[in-house]
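Here is the structure we will look at.
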Amino acid sequence: MKKDLFRLLSLALVITLFAGLFCFGAAAAGEDDDSDTYEYIFQDAAFLSQKERDSLESKSDRLYSKYKYTVACILVEDYADYRCSSIEEFSVTMVKELELGKKVVLLSVSMDDRSYDIYVTDGASEAFHSDAVGYYIEDAIVSCLKADDWYGACQTLQAKSEDFLQAWKAGTPMAKPRVTPGKVAAVVGISLLSALIVCSILKAQMKSAKIQTNADNYLVSDSFNLTVNLDQYTHTTETRHKIEKQSSSGSRGGGGGSHHSGHF
Amino acid sequence: MGANATNYQCPACTGPLHFDGTTGKLVCDYCDSSFSVEEIEALYAGQEQQSAAAAMQAEDEAAENGAYEEYPEPESMDVRVYSCPTCGAELIADETTIASSCPYCGNPNVTPGPFIHARKPDYVIPFKCTREQAIAALKNHYKGKRLLPNTFADNNHIEEIKGVYVPFWLYGGTADGDIAYHTTRTHTHRQGDWEITRTEHYRVLRSGSVAFEMVPVDGSKKMPDDHMDAIEPFDYSDLKPFSTAYLPGYLADKYDEDEDQCAERAENRFAESIEHCLRNTVKGYGTVSEVSKELHTHRRKAAYALMPVWMLSTSWNGKQFLFAMNGQTGKLIGDLPVDKKKYWTWFGSVAAGVAALLSIVMFVL
């Protein structure tokens with residue numbers, strides 16, 4: 001009896017916290033939203049139309065029904081409004097607070113600093129290998145985000161996730177191909193450069209007749225007399241560069257799983 | 001009538017003497033007697049003066065009689081005819097040549113005539129390397145040259161090999177310079193999400209002077225400057241006061257670019273070196289760029305020296321290749337032809353090898 005009462009109180013507390021957190025975020029963003037009617041697509045401003053949101057929600061719902069994986073999107077004005085110090089921490093927090101489950105692929109987008117994070121929980125890593133997410137999903141999503149196509153970004157996440165899930169279901173989870181255009185270009189470039197250096201050295205060996213440009217071999221020993229030796233400080237300049245967090249994988253923000261985050 | 005040429009004859013058998021670089025003595029071609037330079041100099045001191053006087057007289061007579069052989073323009077400009085005192089052959093020599101070997105009897109001849117009207121060399125470095133060593137050095141020069149055409153070493157023929165005393169001007173002097181540099185030191189540190197780079201700027205001034213001695217510049221237009229520069233350095237510890245006794249068996253060219261004409265090359269080298277000296281004192285900076293410079297050179301009167309050089313001329317596929325060997329140190333230089341097929345084979349092989357290695361590392365492992 002006591003145990004049942006304790007469970008009931010705990011559940012009420014969690015629901016209260018989640019509602020409070022999301023209401024706070026929505027209030028901070030200056031707009032109320034009917035978040036509680038959506039399980040997979042969240043926003044604290046009107047980034048997506050009702051029709052778009054319904055379509056995305058329906059698709060994620062179908063994915064969950066078929067594969068038991070949650071494919072979710074959260075679009076917010078600023079992750080800092082949710083008391084998070086980074087977009088990665090925001091993703092981890094949201095997965096917990098919104099109780100999205102253990103097998104989650106989440107796209108978080110923060111409009112204020114134009115940052116994004118594709119968060120794959122530990123439970124989902126079986127179907128979503130980190131390097132494959134970076135190769136197949138991230139680039140496609142970033143190109144949509146750069147065009148301010150939020151709906152396109154969410155659609156891309158869902159479509160690509162379905163590909164991943166189908167492959168996983170078939171027993172061959174998607175993996176980053178070993179041969180990529182970037183790697184091939186690097187191999188070709190380095191090879192040609194190496195060949196050029198080696199051949200230049202060999203060719204230089206064939207030429208030994210050259211004009212002498214200095215008389216360093218004929219200096220009278222100890223004859224160099226340095227009469228002025230002045231090093232005068234004039235001024236200091238300072239440059240600042242924002243350290244960009246480019247696509248990075250691995251555990252971040254205090255939760256398990258992998259993140260592919262950056263700015264668009 | 002050709003001008004008379006004098007040679008050193010063996011005091012024992014009157015055969016011709018030649019200077020032997022390995023022993024540093026004059027050796028008789030016939031009886032193998034050898035004599036030191038000093039001994040022959042003493043013996044011929046009086047004879048050279050007489051010979052020079054006779055040569056001048058003969059020149060005057062030849063000019064009066066129009067006896068010099070005339071060649072069609074432009075060849076006639078640069079040649080003169082001498083007769084070999086041993087076999088009577090007429091020798092055609094460059095007008096700036098002051099010693100030569102007879103191509104018919106091999107008799108080493110010395111013609112003191114031009115010395116009378118031109119500046120006499122102050123120094124000479126005698127030959128140490130022999131003709132055979134020069135040929136061996138040339139063969140050795142081909143080794144390890146992976147782009148050398150296969151047929152080059154086998155099919156090219158040494159068309160001419162001659163030991164030449166090349167006229168060099170040895171310049172001494174000083175150079176001074178004032179150079180201003182702009183230098184920077186950079187420190188980078190991280191502050192939150194920001195990378196902050198602080199660059200300290202400095203104005204660096206350097207002034208100084210340095211002295212040079214015996215910077216060699218060849219005074220012969222016939223000798224390619226790049227070849228003569230590349231066979232440096234000569235070991236000046238072998239520098240001897242000039243004597244014609246070192247010349248038999250070798251060609252000896254008189255300078256055809258005088259001290260002033262060659263001075264620019266020496267002064268440019270002085271200036272480059274003072275720049276190096278001053279630049280080497282600027283240390284501890286990330287970047288150094290020159291803002292302004294003022295360089296001055298001051299040269300003293302140059303010494304005139306004859307330096308030993310083996311010149312080897314070869315032909316291959318109808319092209320001429322010239323090699324020069326320092327007759328004292330044995331350093332041989334000369335440009336070699338590049339086999340384009342080999343070049344591209346090497347290029348392809350290296351590229352393919354590196355690509356294969358990288359592919360294994362990046363795509364397989």
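The values are calculated or read from the model by the stated rules, or taken from the named source; none is laboratory data. None of the values given here were measured: they were computed from a predicted structure. When we count neighbours, we look across all protein chains shown, and the Cβ atoms used for this are built from the backbone with ideal geometry, even at glycine.
Of the set (1) within 7 Å of another protein chain (Cβ to nearest Cβ); (2) at pLDDT below 90, all apply to B:Pro233 but (2). I'm checking my understanding of the structure. Among residues of the stretch A:164-189 that are among the small types (Gly, Ala, Ser) and in a loop (DSSP other than H, G, I, E, B), which one is surrounded by the fewest Cβ atoms within 10 Å (Cβ to Cβ)? Looking at residues that are among the small types (Gly, Ala, Ser) and in a loop (DSSP other than H, G, I, E, B), I get A:Gly171. Screening the candidates A:Lys210, A:Lys160, A:Lys169, A:Lys242 for the property of being over 30 Å from B:Arg203 (Cα atoms), basic (Lys, Arg) and touching a residue at least 40 places away in the same chain (Cβ under 8 Å) yields one hit, A:Lys169.
In summary, B:Thr297 fulfils each of the numbered conditions (1) part of a helix (DSSP H, G or I); (2) closer than 12 Å to B:Val210 by Cβ with the single exception of condition (1). Filtering the stretch A:190-233 to residues that are farther than 30 Å from B:Gly173 by Cα and exposed (fewer than 12 other Cβ atoms within 10 Å of the Cβ) leaves A:Ile197, A:Ser200, A:Ile201, A:Ala204, A:Gln232, A:Tyr233. For B:Asn268, the conditions (1) closer than 30 Å to B:Lys139 by Cα; (2) assigned to a helix (DSSP H, G or I); (3) of a type in the set (S, T, N, Q) are fulfilled apart from (1).
Within the stretch B:190-230, if we keep just the residues that are touching a Ser or Thr at 6+ places or on another chain (Cβ under 8 Å) and β-branched (Val, Ile, Thr), the residue that is farthest from B:Leu332 (Cα to Cα) turns out to be B:Ile196. So B:Ile179 ticks every box in (1) at the interface with chain A (Cβ under 7 Å from one of its Cβ atoms); (2) closer than 21 Å to B:Thr287 by Cβ; (3) within 38 Å of the chain's Cα centre (by Cα) but one. Which box is left unticked? Result: B:Ile179 passes all but (1).
Summed over the stretch A:79-95, residues that are within 16 Å of the chain's Cα centre (by Cα), part of a loop (DSSP other than H, G, I, E, B) and either free of Cβ contacts under 8 Å to residues at least 60 places away in the same chain or more than 13 Å from A:Arg114 (Cα to Cα) (or both) total 1. The C-beta contact set for the stretch B:270-286 (first residue more than 7 Å from chain A (Cβ to nearest Cβ) and within 15 Å of A:Asp231 (Cβ to Cβ), second residue surrounded by 17 or more Cβ atoms within 10 Å (Cβ to Cβ) and among the aromatic types (Phe, Trp, Tyr), distance under 6 angstrom, 6+ apart or interchain) comprises B:Val282/B:Tyr181. Residues in the stretch B:304-313: is at least one assigned to a strand (DSSP E or B), modelled with pLDDT under 95 and farther than 30 Å from B:Lys139 by Cβ? Scanning the stretch B:304-313, I find at least one residue that is assigned to a strand (DSSP E or B), modelled with pLDDT under 95 and farther than 30 Å from B:Lys139 by Cβ, so the answer is yes.
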